[in-house]
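Here is the structure we will look at, set down as structure tokens.
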Amino acid sequence: MSDDKRSSRSLTQRTITGMLWTSWGKGAYTVLQLGVLAVMARLITPAQFGVVSAAIVVIGFSAVFSQLGLGPALVQRGELEQRHLDTAFSASVLFGLLLGTIIWLGAPVAAEFLRIPDVRPVLRALACVFVLQGLGVASESLLRRDLRFRWLANLDVVSYALGYGAVGIALALAGWGVWALVAGQISQSVVRNGALLIRRPPRLPPSLEGRAFRELLYFGGGFTLAKAANYVAVQGDNMVVGRFLGPQALGFYGRAYSLMSAPAYAFGTVLDQVLFPAMAKVQHEPQRLAMAYRRGVSLIALLVLAPSAALILLGPEFIGVVLGHRWALAVPSFQVLALGMLFRTSYKMSDSLARSTGVVYQRAWRQVLYAGLVLLGAGIGQFWGIVGVAWGALLALTVNFFVMAELSVRVTSMTWANFWEAHVPAVRLTLVSFPFVWATTAVLRSWSLPSLVVLAAGALVCGASMVIPWIVAPQLFLGRDGLWVLEALRGLLPGVRRRRVPLPQPEAQP
């Protein structure tokens, strides 16, 4: 075997192994998140959730600028020197301190803009998170660059369980209300960034070199601009709801959005965190990038499209089981938002490709367009309540999916026919699966069975109606991309003999 083929195989194996470990981490994180949310939703009122949700919107947007994209620049950069690491650490800490101070001083202005006075002390308490995150930027970036996904996945689970989960629930039980959520956020950040510093401590004393900063900032500037626009897009509907419809409406909408986006975000983040550093290593090999992109979007569609259709149908039971029946007003907006689960997940694949190839400024203007459409759609939709806001956000998300796909198709020199072909097996699978889920749900609802029973049965039928077609007719319901992933997974399982599956001949790649 040639060195190139051996290197390619090694990177493929490490990438797939990284996906498995990151999937474990995000899966466990999502389960923990749902469990913690289920407990806290019964201890904390929607209005209190709304106050913290409003603060998180401001904190999250500000965090985009606290690091100036220096962490991703460390991952993407081909030639990385110690001076880049020292500069990234020092600059991230300094900007974290600066932004934390700005948030503390500007909290009254933010509270007045959001028309939620109670958000001011919450913002001031959460300002310390910027310093904590700045301390761990360089350490985390080095671990991602080295593809240490197993350790990072376990860190996310442990920090959430010990920080947000244990501290937040304990204080919520003690009656702390809003401050239980605030303390949970801070504790999670302390645990996570403390562990990163122990694992990859920075070189002391810290130093800041102007040339290294400029070299990192070219990529980091485009990344930050796109991330800022993307954050406005992701949180813009929440800002509109909080400002025009009030904290209680934001509590309902925010929980609906969080529950809908958690699985999509987790799966999309798995691909993003693994494929961004992996594709950056082959950023000058367009054929390998094209194949990785096609396989990625095909896998996303196979795993997301049918479950999202089932989740729309089972929305009332899902909200009732997870949050309780007093949150029933969140159901319609949840169902509307769930329509875009595939788009929300798949565009992260396009994001990873754009960043790994360095086209961050072409990505940036598309994210600015996305943000503007979200604000426009949510602003118009708010006249019809939170359901109208959800429809506005969905339309903006759809446009973003297409413009990001166009960028990816152009960068990889794929054809649109090749892109859409990757989605065909998932569409077939959904058309087979959905009628079974619908029939099962309709029958169980007619018998007036508990929500938990209906939800569990619907989930089981959805899973079975996906797996059985994969087994019976893999060529039809997995396609050549899904079969490739299946073969690659078989090759990683010890003691399992790889069975050769006949694959359709791939189209010629440029």
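Could you check the stretch 195-210 and list, in sequence order, the residues that are free of Cβ contacts under 8 Å to residues at least 12 places away in the same chain and assigned to a helix (DSSP H, G or I)? Lay out the reasoning, then the answer.
Within the stretch 195-210, the first condition is being free of Cβ contacts under 8 Å to residues at least 12 places away in the same chain, and the residues that meet it are 198, 204-205, 210.
Across the stretch 195-210, the qualifying residues are Ile198, Gly210.
For Phe149, all conditions in the list (1) closer than 22 Å to Leu80 by Cα; (2) in contact with a Pro (Cβ under 6 Å, 6 or more places away or on another chain); (3) of a type outside the set (Lys, Arg) hold save one; what is the number of the exception?
Every listed condition holds for Phe149 apart from (2).
Restricting to the stretch 343-376, give me the number of residues that are within 13 Å of Val399 (Cα to Cα) and either in contact (Cβ under 8 Å) with a residue 24 or more places away in the chain or β-branched (Val, Ile, Thr) (or both).
12
Could you tell me which numbered condition Ser139 fails, if it satisfies all but one of (1) in contact with a helix residue (DSSP H, G or I) (Cβ under 8 Å, 6 or more places away or on another chain); (2) part of a helix (DSSP H, G or I); (3) without any contact (Cβ under 8 Å) to a residue 12 or more places away in the chain?
Among (1) in contact with a helix residue (DSSP H, G or I) (Cβ under 8 Å, 6 or more places away or on another chain); (2) part of a helix (DSSP H, G or I); (3) without any contact (Cβ under 8 Å) to a residue 12 or more places away in the chain, Ser139 violates only (3).
Looking only at the stretch 152-165, decide whether some residue is in contact with a Lys or Arg (Cβ under 9 Å, 6 or more places away or on another chain), under 18 Å from Leu85 (Cα atoms) and assigned to a helix (DSSP H, G or I).
no
Leu94: of a type outside the set (Gly, Ala, Ser) and either farther than 18 Å from Ala63 by Cβ or under 26 Å from the mean Cα position of the chain (by Cα) (or both), yes or no? Steps first, please.
Numbers: of a type outside the set (Gly, Ala, Ser): yes; either farther than 18 Å from Ala63 by Cβ or under 26 Å from the mean Cα position of the chain (by Cα) (or both): no.
No.
Hey, among Ala111, Ala107, Ala54, Ala125, which residue is at pLDDT below 85, closer than 29 Å to Met239 by Cα and in a helix (DSSP H, G or I)?
Working: Ala111 fails: at pLDDT below 85; Ala107 fails: at pLDDT below 85; Ala125 fails: at pLDDT below 85.
One residue alone meets the criteria, Ala54.
Taking the conditions exactly as written (over 20 Å from Ala55 (Cβ atoms), surrounded by 15 or more Cβ atoms within 10 Å (Cβ to Cβ) and in contact with a Pro (Cβ under 6 Å, 6 or more places away or on another chain)), does Arg144 satisfy them or not? Talk me through it step by step, then tell me what you get.
Working: over 20 Å from Ala55 (Cβ atoms): yes; surrounded by 15 or more Cβ atoms within 10 Å (Cβ to Cβ): yes; in contact with a Pro (Cβ under 6 Å, 6 or more places away or on another chain): yes.
For Arg144, the condition - over 20 Å from Ala55 (Cβ atoms), surrounded by 15 or more Cβ atoms within 10 Å (Cβ to Cβ) and in contact with a Pro (Cβ under 6 Å, 6 or more places away or on another chain) - is met.
Residues are listed down the side, and each one gets a yes or a no for (1) more than 17 Å from Ala195 (Cβ to Cβ); (2) crowded, with 19+ Cβ neighbours inside 10 Å:
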position: Thr87; (1), (2): yes, yes
position: Ala110; (1), (2): yes, yes
position: Phe113; (1), (2): yes, no
position: Leu123; (1), (2): yes, yes
position: Leu126; (1), (2): yes, yes
position: Ala138; (1), (2): no, yes
position: Arg148; (1), (2): no, no
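Kindly indicate whether Leu489 is modelled with pLDDT of 50 or more, of a type outside the set (S, T, N, Q) and surrounded by fewer than 12 Cβ atoms within 10 Å (Cβ to Cβ).
The answer is no for Leu489.
Is it the case, given these coordinates, that Val190 is out of contact with any strand residue (DSSP E or B) (no Cβ under 6 Å at 6 or more places or on another chain), modelled with pLDDT of 90 or more, within 22 Å of Gly71 (Cα to Cα) and surrounded by fewer than 23 Cβ atoms within 10 Å (Cβ to Cβ)?
Numbers: out of contact with any strand residue (DSSP E or B) (no Cβ under 6 Å at 6 or more places or on another chain): yes; modelled with pLDDT of 90 or more: yes; within 22 Å of Gly71 (Cα to Cα): yes; surrounded by fewer than 23 Cβ atoms within 10 Å (Cβ to Cβ): yes.
It is true that Val190 is out of contact with any strand residue (DSSP E or B) (no Cβ under 6 Å at 6 or more places or on another chain), modelled with pLDDT of 90 or more, within 22 Å of Gly71 (Cα to Cα) and surrounded by fewer than 23 Cβ atoms within 10 Å (Cβ to Cβ).
In the stretch 64-84, which residues are of a type in the set (A, V, I, L, M) and crowded, with 20+ Cβ neighbours inside 10 Å?
Just the residues of the stretch 64-84 that are of a type in the set (A, V, I, L, M), to begin with: 64, 68, 70, 73-75, 80.
Val64, Leu68, Leu70, Ala73, Leu74, Val75, listed by residue number.
Looking only at the stretch 339-354, count every residue that is closer than 26 Å to Leu313 by Cα and assigned to a helix (DSSP H, G or I) and tell me the total.
Applying the first criterion (closer than 26 Å to Leu313 by Cα) to the stretch 339-354 yields 339-348.
Applying the additional criterion that residues be assigned to a helix (DSSP H, G or I) yields 341-348.
Residues in the stretch 339-354 being closer than 26 Å to Leu313 by Cα and assigned to a helix (DSSP H, G or I): 8 in total.
The values are calculated or read from the model by the stated rules, or taken from the named source; none is laboratory data. Here the structure is a predicted model, which is why all the values come from computation and not from measurement. Neighbour counts are summed over all protein chains in view; Cβ atoms, including those assigned to glycine, are modelled from backbone coordinates with ideal geometry.
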